[in-house]
Amino acid sequence: MEPILSSERSDIEFRRVRGETKSTLEDPKSAVQSFWDAQACGEIYAEGETIEEQFAAQANARYTIEPYIQTVAKFDGDGKRILEIGIGMGADHVEWARSKPELLVGIDITPRAVEIVRERMALESQVPRLAVGDAENLAFPDNTFDIIYSWGVLHHSPDTKSAFAECHRVLKPGGELRAMVYHRPSIVGIMLWSRYGLAAGRLGRSMADIYANHLESPGTKGYSVDEAKSLVSDFSSATVRPIVTFGDLLEGEVGHRHGSRSLSIARKFWPRPIIRKMPFLGLDLLIEAQK
Ligand SMILES: C[S@@+](CC[C@H](N)C(=O)[O-])C[C@H]1O[C@@H](n2cnc3c(N)ncnc32)[C@H](O)[C@@H]1O
């Protein structure tokens with residue numbers, strides 16, 4: 001498989017978008033693509049004078065506020081064939097490349113992510129295999145990869161079930177899917193419901209509706225543990241567990257849709273020690289499944 005995009009280098013200027021991005025009459029997948037093309041996940045952390053400093057700041061922030069990434073990803077690519085779906089800004093892709101895989105391929109539905117990660121990998125003297133691609137229609141033959149890694153991606157795709165089925169198809173027998181999708185209910189969901197349901201006088205709004213309209217890209221979904229298990233029911237074994245995240249703890253920056261005065265005040269008084277003991281209301285669901 002050849003990379004689809006040509007590797008023209010461009011000087012990337014990181015975006016710090018605030019407020020709503022365009023909500024949309026587009027079809028659901030184009031709406032997801034437009035959302036993440038406006039600002040890739042984590043650009044808000046890319047501070048610094050040089051591009052190297054900006055990438056380093058983003059990676060540093062990422063692994064500080066989300067230390068659990070390492071426990072799922074493991075970054076044990078040595079001699080393996082790996083696909084990352086939804087590369088975003090590419091911090092994890094760099095980690096996979098450093099682990100010396102036999103083959104590493106990264107896809108994302110946005111050209112922006114592919115462009116950023118191409119530049120990031122070049123700074124690492126890595127020759128990446130990146131393409132704009134869709135989790136729901138993977139352009140790979142059956143039984144190709146030892147590991148598929150996808151952090152915070154598949155719940156954004158309109159047909160998440162098809163995306164999981166595609167992962168199963170392109171994994172080799174015995175291959176592993178390591179993924180994170182959003183969990184519902186969660187503390188983050190309750191906070192958003194307080195703002196867009198309770199405070200807006202719309203008490204009947206479901207948490208699924210809140211996730212779809214106010215969490216990140218339009219149509220974002222969250223899953224209960226049982227629902228997530230059904231997404232990986234074709235796999236021979238799977239573990240699924242929710243965890244409390246930096247979002248539930250009001251640590252770190254919020255995404256480019258959020259940010260308000262009341263949020264700044266809540267940060268000061270947030271009962272973090274109690275929330276840490278409530279994984280059943282954590283935003284992330286960690287999924288490890290073997291084909
Ligand atoms: C929350 S970001 C996560 C990015 C990265 N994995 C990380 O953890 O920072 C979601 C990413 O998924 C990508 N994405 C959404 N739907 C996709 C799809 N159907 N196929 C491939 N990528 C998709 C978006 O473009 C975006 O880069």
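The values are calculated or read from the model by the stated rules, or taken from the named source; none is laboratory data. None of these values were measured; they are calculated from a predicted model. All Cβ positions, even for glycine, are placed from backbone atoms using ideal geometry, and neighbour counts span all protein chains on display.
Structure values in brief
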| read-out | value |
| --- | --- |
| Matching residues, the stretch 141-160, being crowded, with 18+ Cβ neighbours inside 10 Å and part of a loop (DSSP other than H, G, I, E, B) | 144, 152, 153, 154, 155, 156, 157 |
| Options 201, 197; residue that is free of Cβ contacts under 8 Å to residues at least 60 places away in the same chain and out of contact with any helix residue (DSSP H, G or I) (no Cβ under 8 Å at 6 or more places or on another chain) | 201 |
| Scope the stretch 139-154; condition within 9 Å of the ligand (Cβ to nearest atom) and either among the aliphatic types (A, V, I, L, M) or touching a helix residue (DSSP H, G or I) at 6+ places or on another chain (Cβ under 8 Å) (or both); matching residues | 149, 150, 151, 153, 154 |
| Total residues in the stretch 100-119, condition touching a helix residue (DSSP H, G or I) at 6+ places or on another chain (Cβ under 9 Å) and either closer than 27 Å to residue 182 by Cα or within 10 Å of the ligand (Cβ to nearest atom) (or both) | 11 |
| Residue satisfying condition, being within 12 Å of the ligand (Cβ to nearest atom) and surrounded by fewer than 22 Cβ atoms within 10 Å (Cβ to Cβ), within set 131, 200, 179, 163 | 131 |
| Hits in the stretch 217-239 (condition: acidic (Asp, Glu) and out of contact with any helix residue (DSSP H, G or I) (no Cβ under 7 Å at 6 or more places or on another chain)) | 226, 227 |
| Residues that are buried (at least 20 other Cβ atoms within 10 Å of the Cβ) and among the hydrophobic types (A, V, I, L, M, F, W, C), drawn from the stretch 95-128 | 96, 97, 104, 105, 107, 109, 113, 114, 116, 117, 121 |
| Some residue of the stretch 185-192 being more than 21 Å from residue 85 (Cβ to Cβ), assigned to a loop (DSSP other than H, G, I, E, B) and either away from the ligand (no atom under 12 Å from the Cβ) or not aliphatic (A, V, I, L, M) (or both) | yes |
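Listed here are the residues, each with its yes/no results for (1) within 14 Å of the ligand (Cβ to nearest atom); (2) in contact with a helix residue (DSSP H, G or I) (Cβ under 9 Å, 6 or more places away or on another chain); (3) at pLDDT 95 or above.
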{"residue": "11", "(1), (2), (3)": "no, yes, no"}
{"residue": "14", "(1), (2), (3)": "yes, yes, no"}
{"residue": "20", "(1), (2), (3)": "no, no, no"}
{"residue": "23", "(1), (2), (3)": "no, yes, no"}
{"residue": "40", "(1), (2), (3)": "yes, yes, no"}
{"residue": "45", "(1), (2), (3)": "yes, yes, no"}
{"residue": "55", "(1), (2), (3)": "yes, yes, yes"}
{"residue": "58", "(1), (2), (3)": "yes, yes, yes"}
{"residue": "72", "(1), (2), (3)": "yes, no, yes"}
